[in-house]
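Novice: First the structure, which I've put down as structure tokens, then a few questions once you've had a look.
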Amino acid sequence: MNRLASKGLLLFLLIVLSFQSSHAVEGMWLPHLLSNLNEKEMQDLGMKLTAKDIYDINESSLKDAIVSFGGFCTGELISPEGLILTNHHCGYGQIQYHSSVENDLLTDGFWAMSREEELHNPGLFVSFIVRIEDVTDQVLEGVTPGMSEEDRATLIKDKTRAITGQATEGTHYEARIKPFYYGNEYYMFVTETYRDVRLVGAPPSSIGKFGGDTDNWMWPRHTGDFSLFRVYSGPDGKPAEYSEDNIPLKPRHFLPVNLGGVEPGDFTMVFGFPGTTEQYLTSHAVEQLTSEINPTRINIRQVKLDILDEAMANSDENRIKYASKYAGIANYWKKWIGENKGLERLNATRKKREEEEAFDEWANSGGRSGKYGNVITRFAEIYDGENELNMAYNTIREAILRLDIAALSRRLDQYASDESMSREDIEAYIDRFYKDYDVATEQKLTAAMLAKYRENVVGQFQPTTFTELLNEKDGDYEKLTAYLFNESVIDEKEELLAFLDKNKKKRVGKKLRKDPLFSLYRDFAYIYNEKIQPRKRTTDAELDELYRTYMAGLREMQEDRRFYPDANGTLRVAYGQVEGYEPADGVEYLHYTTLEGIMDKEDPDNAEFVVPAKLRELYLKKEYGPYGQDGMMPVCFTASNHTTGGNSGSPVIDAEGRLIGINFDRAWQGTMSDIMFDPEMCRNISVDARYILFIIDKFAGAGHLIKEMSLVNTGSPVPADSAE
Ligand code: ARG
Ligand code: ASP
């Protein structure tokens, strides 16, 4: 090849590569800062809206259609009658709550055919964001550089209380102030919370959880992960406790649904409440996460899952009792495995170390060493110094404090000591607790978790009573737990209720301390509260201060870099485009899946891959109504939006502000995005809005719900009878 030809080839390759490379935009951005930081880029990517269309405090804007769903997921308003769309796995706890062996909504699904049939969910709430304010100056007023972390925290707490108090005075709003960039900035979120939220519809798990834990965190995906709720207000439109007199909420905004479908390159935006990310962790922290914390947690959860697998396979009752718990444990177990792989593939520790070296050099030049000089050295010292403590901290939290019996003990302890907690309160808790509890399974879990704790944790963090008891039982965990459970009154509902009948509230605490299971919990709680937590808090406070300084330094050093704050449960916007990805050398994934794939995966002998008869029938008849495309039924699609846990249920919004899908997951190869984002690999997974409507309309026959919505079709006009 001559030089000219090779130059031409190079140019060609460059063009091809630049076309291929992703337009993913890293970051979860604050809605009220979009006009400065993001609006132009979003419009360059195809968005037809302005920043003001997304977030405005005077006119209605997209934000008025977005809710925090119960504080752990996101939901969106999709009708003028308070209809809310979220994921099946977000409504899962509620769907399960209304389920029993006889009336199994998990398996059969649920569709309210009238408002009267909608189901009340005690404790569930949704919150709107009324406005967001930068309150950094007020919060940090009086904070001085030399101040101790403790004094700083106290001062900030007092300021926070005063500012939020003032902001909500005379209103029914609530307000929260949260730190950003490790306490370099503070923003206040004024919220409006509704507590009458009813279950309207849920597909059977064979649709809403199709593919189960096998497909979880995976692409290609075929899960119809959605459910429907309705928010009710008092007759005056304001939040009100559940009442038959309440009326469906008239939202300030709701999202129209676009049936036009998605094509690669289409602009997408995800608007919701991402929970936690740690993008600015140092190399030491990433090293600790990948080599210690994640392996420990993965291992503990593996043990739990094995026990639950067996318990659930052998009993329908246990299958329902543990459905939600199992999904919760399996979810992050799998995520951490993917996260570790991704961080390794990205050489995350090395990349971080290089950044730190550059920072260190900058920090120790130009007269900056007084302020930033020792930051990197201190990080190394702190992270290396507390290995045993960290192991104890992670193990006690993951293995012991998460045991059901620990949660029950904690609540009983509270009942014994808290004047305001009544007999009815504790009984309501007990009712709900034992509904999802099986004593034999809990005993096995306890034995296995005690063994894990023993294995992982050094002597100074082992409760003495635990050591003594274990010795007494010849180091045999089954013997030990058999003893604990036999002698205890809290391991079974009737026993516990009889115990509470017999003992006055005043005496409950004293009596319970003689209960071996309860008192073992208390010994662990003591170790955690008195031995582990205080030391952990000391190192954490040092780390907080260091990260705050590091962050301030980074922003000073990289003046032109556009920073975004870590996710912290506050409302954010992520944006990118519809696109597939290349998960491995020689493999290319499309951006969408269809009903064909569901039929390919069908396996009547595997509960995760059962296809409901009605769905098969619709497939065979190709009865897709206005929701299909070219004779196919789209199911899920991928896009390059930076999302995390909490973003589940978030709307995926098109260039003109219409709903095209709901976010529910990320693809396996990109699960490290909480720590390090990779535009080539990180994809969020969504259910196509057309599949959702198809299931509601054709599968469930709940066309009355579609009629509430506002449909557009950028592809072809929607037939008038689409919801018949
Ligand atoms: N991985 C998704 C998220 O983090 C969905 C989890 C629910 N599904 C399940 N099979 N556990 O929440
Ligand atoms: N499935 C997650 C959620 O429940 C979303 C994610 O982690 O990508 O919020």
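Novice: Compute for region 194-299: radius of gyration divided by Kirkwood radius, i.e. Rg/Rh, restricted to C-alpha atoms, rounded to two decimals. Don't skip to the answer; put the middle values down first.
Specialist: Working: Rg = 20.7 Å, Rh = 18.9 Å.
Taking Rh as the inverse mean 1/r over Cα pairs, Rg/Rh reads 1.09.
Novice: When the helices in the chain are scored as -39500 (n - 2.57) per DSSP H run of 4 or longer and the sum is shared across all residues, what 222 nm value do you end up with, to the nearest 500 deg cm²/dmol? The partial results should precede the final answer.
Specialist: Values: 30 runs with 322 residues, N = 724.
Calculated from helices alone, the mean residue ellipticity at 222 nm is -13500 deg cm²/dmol.
Novice: Any idea what the alpha-carbon Rg over 2.2 N^0.38 Å comes to for region 74-125?
Specialist: In units of the 2.2 N^0.38 Å rule of thumb, it is 1.19.
Novice: Of 227, 208, 168, which is farthest along the charge dipole of the chain in the positive direction, counting Lys and Arg as +1 and Asp and Glu as -1 at C-beta?
Specialist: Farthest along the dipole direction, towards plus: 168.
Novice: A further question on this structure: If amide H atoms are built 1.01 Å from N in the plane of the peptide, which residues on other chains or at least 5 residues away come under 5 Å of the amide H of residue 240?
Specialist: For residue 240, whose amide H was placed from the backbone, the distant partners under 5 Å are 195, 196, 234.
Novice: Taking 7 Å along the Cα-to-C-beta vector as the label spot, tell me the residue 507-residue 561 distance in nanometres, rounded to one decimal.
Specialist: Output for this residue pair reads 6.5 nm.
Novice: With each pseudo-label sitting 7 Å past Cα toward Cβ, what's the residue 365-residue 458 distance in nm, one decimal?
Specialist: 4.0
Novice: Shifting gears a bit: In region 357-482, with Lys and Arg counted as +1 and Asp and Glu as -1 at Cβ, which of these residues, 408, 376, 482, has the Cα nearest the positive end of the dipole, that is, farthest along it?
Specialist: Farthest along the dipole direction, towards plus: 376.
Novice: Would you please put 552-560, 438-446 in order of how densely packed they are, using the mean number of other Cβ atoms within 10 angstrom per residue and starting with the highest?
Specialist: 438-446, 552-560
Novice: Does the chain classify as rounded, prolate or oblate by the C-alpha gyration tensor (a ≥ b ≥ c root eigenvalues; a/c under 1.5 gives rounded; else a/b over b/c gives prolate, otherwise oblate)? All intermediate terms of the calculation are to be shown ahead of the outcome.
Specialist: Working: a/c = 1.43, a/b = 1.11, b/c = 1.28.
Verdict is rounded for the chain.
Novice: Also, I was wondering about something else. Regarding region 263-307, what is the average projected area of its C-alpha convex hull, in nm²?
Specialist: Over every viewing direction, the Cα hull of region 263-307 projects on average to 6.4 nm².
Novice: Turning to a different aspect of this structure: Near the amide H of residue 580, under 5 Å away, which other amide H atoms are found, from residues 5 or more places off or on another chain, if H is placed in the peptide plane?
Specialist: 591
Novice: So for each of 141-151, 210-220 I average, over its residues, the number of other beta carbons within 10 Å; can you give me the resulting order with the highest mean first?
Specialist: Going by the mean number of other Cβ atoms within 10 Å, highest first, we get 210-220, 141-151.
Novice: Let me ask another. What are the residues whose amide H is under 5 Å from the amide H of residue 255, where those residues sit 5 or more places off or on another chain and H is modelled from the backbone?
Specialist: 77, 78, 79
Novice: Applying the Karplus parametrisation 6.51 cos²θ - 1.76 cosθ + 1.60 with θ = phi - 60° to the phi angles of region 502-518, what ³J(HN,Hα) value in whole Hz is obtained for each residue in order, glycine and proline being reported as x?
Specialist: For region 502-518, the Karplus-derived couplings read 6, 10, 5, 3, 4, 9, 4, x, 4, 5, 5, 4, 8, 7, x, 6, 4 Hz, x marking Gly and Pro.
Novice: Straight-line reach only, C-alpha to C-alpha below 24 angstrom: list the lysines that residue 614 could link to, leaving out same-chain residues fewer than 8 apart.
Specialist: Result set, ordered by chain and number: 209, 601, 622, 698, 707.
Novice: Can you spot the aspartates and glutamates whose alpha carbon is less than 14 Å from residue 505's alpha carbon? Ignore those fewer than 8 places along the same chain.
Specialist: Qualifying aspartates and glutamates at Cα under 14 Å: 413, 418, 419, 424, 425, 427.
Novice: With θ set to phi - 60° and the Karplus curve 6.51 cos²θ - 1.76 cosθ + 1.60, what are the ³J(HN,Hα) couplings of region 692-707 in order, to the nearest whole Hz, using x for Gly and Pro?
Specialist: Result, ordered by residue: 4, 5, 4, 5, 4, 7, 7, 7, 8, x, 9, x, 4, 6, 5, 4 Hz.
Novice: Report the Cα centroid-to-centroid distance between region 567-620 and region 42-91 in angstrom, as an integer.
Specialist: 23
Novice: Rounded to whole Å, give me the distance from the Cα center of region 145-167 to that of region 651-711.
Specialist: 40
Novice: Between their Cα atoms, which of 63/341; 159/504; 334/444; 334/493; 238/536 are more than 31 Å away from each other?
Specialist: Beyond 31 Å between Cα atoms: 63/341; 159/504; 334/493; 238/536.
Novice: Sorted by average packing, counted as other Cβ atoms within 10 angstrom per residue and highest first, what order do 260-269, 200-209, 377-386, 661-670 take?
Specialist: Result, highest mean Cβ count within 10 Å first: 661-670, 200-209, 260-269, 377-386.
Novice: Which parts of region 166-195 would a label at residue 708 reach, counting a residue when its backbone N lies under 17 Å from a point 7 Å out along Cα-to-Cβ?
Specialist: Correct set: 194-195.
Novice: May I pose another question? Compute the distance in nm between two label points, each set 7 Å from the Cα along the Cα-to-Cβ direction, one at residue 178 and one at residue 388.
Specialist: 3.7
Novice: Is there a quick way to get the dipole size of region 565-660? I mean about its Cα centre, with the Cβ of Lys and Arg at +1 and of Asp and Glu at -1; what is the value in debye to the nearest 20?
Specialist: With only Lys, Arg, Asp and Glu charged at Cβ, the dipole is about 480 debye.
Novice: Further question on the same structure: To the nearest Å, what is the center-to-center distance of region 413-446 and region 290-332, using C-alpha atoms only?
Specialist: About 21 Å separates the Cα centre of region 413-446 from the one of region 290-332.
Values quoted throughout were computed directly from the atomic coordinates according to the rules given, and no laboratory measurement underlies them. Note that the structure is a prediction, hence the values are computed from the model and not measured. A quick note on method: Cβ atoms are made from the backbone with ideal geometry, for glycine too, and the neighbour counts reach across all protein chains shown.
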